[in-house]
Amino acid sequence: MSDTPVDTSKRTWLIASGCAGAVGAGFTAVPFVSSFEPSERAKAAGAPVEADISALKPGEKMTVEWRGKPVWIVRRTPEQVAELPKNDPLLADPKSQRKQDELTPKYARNEGRSIKPEYWVGVGICTHLGCSPSDKFQPGPQPSLPDSWPGGFLCPCHGSTFDLAGRVYKNKPAPDNLEVPPHMYVSDTRLLIGEDKKA
């Protein structure tokens with residue numbers, strides 16, 4: 001045991017300055033650590049969006065925004081659903097096998113690329129250069145479309161065409177089908193886009 005006398009004023013000063021330094025470091029660290037958390041605006045940008053589809057009639061489309069992207073909800077008629085398999089030989093990726101994990105959730109890897117055959121949910125951005133295709137639901141001859149057009153979407157920028165399941169036709173600039181976002185039904189008339197935990 002040392003016989004050196006303890007200078008209590010020096011000891012108090014060391015303890016006080018050590019505590020002040022720890023508190024200062026804490027105040028400095030809090031903003032730094034909190035900068036790693038997403039802002040409220042960023043959270044809102046990625047948050048799921050609920051859509052009421054109760055007023056959507058067969059043959060109509062509505063658009064909602066999710067993560068800054070237009071998401072289309074198309075209510076297909078029974079005739080439009082029946083036409084989908086007939087398009088397969090004309091399509092570049094009829095079974096959504098290319099980039100399937102990226103563009104098509106497992107529950108939408110079917111003919112209609114949908115949970116329910118009647119409804120198709122897709123991101124309205126062309127996979128070529130990010131343009132937004134136009135609705136061309138009316139079948140038959142039209143400008144920039146073949147005479148046998150069954151109905152779907154036309155990207156006016158470079159002429160890519162998609163059927164009513166968002167599947168791209170062969171020999172078009174768009175390399176892939178339109179994206180199907182994560183989604184699920186919370187009721188018969190309400191869709192949640194951006195989340196699919198119950199799907």
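The values are calculated or read from the model by the stated rules, or taken from the named source; none is laboratory data. Note that the structure is a prediction, hence the values are computed from the model and not measured. Here the Cβ positions follow ideal geometry from the backbone for every residue, glycine too, while neighbour counts run over all protein chains shown.
List of remarks:
- Count of segment 81-102 residues which are part of a loop (DSSP other than H, G, I, E, B), touching a residue at least 40 places away in the same chain (Cβ under 8 Å) and loosely packed, with under 15 Cβ neighbours inside 10 Å: 2
- Top-ranked residue of segment 101-130 - restricted to ones that are over 24 Å from residue 158 (Cβ atoms) and of a type in the set (S, T, N, Q), ranked as modelled with the lowest pLDDT: 110
- Condition met for residue 195 (charged (D, E, K, R), in contact with a strand residue (DSSP E or B) (Cβ under 7 Å, 6 or more places away or on another chain), closer than 18 Å to residue 85 by Cβ and surrounded by fewer than 20 Cβ atoms within 10 Å (Cβ to Cβ)): no
- Test set (1) loosely packed, with under 12 Cβ neighbours inside 10 Å; (2) modelled with pLDDT under 90; (3) of a type in the set (A, V, I, L, M, F, W, C) - residue 45 fails condition number: (1)
- Selection count where residues are surrounded by fewer than 21 Cβ atoms within 10 Å (Cβ to Cβ), within 17 Å of residue 61 (Cα to Cα) and charged (D, E, K, R), scope segment 103-127: 2
- Count - residues of segment 138-156 that are assigned to a loop (DSSP other than H, G, I, E, B) and under 23 Å from the mean Cα position of the chain (by Cα): 2
- Some residue of segment 94-101 being among the hydroxyl-bearing types (Ser, Thr, Tyr), in contact with a Pro (Cβ under 9 Å, 6 or more places away or on another chain) and over 22 Å from residue 192 (Cα atoms): no
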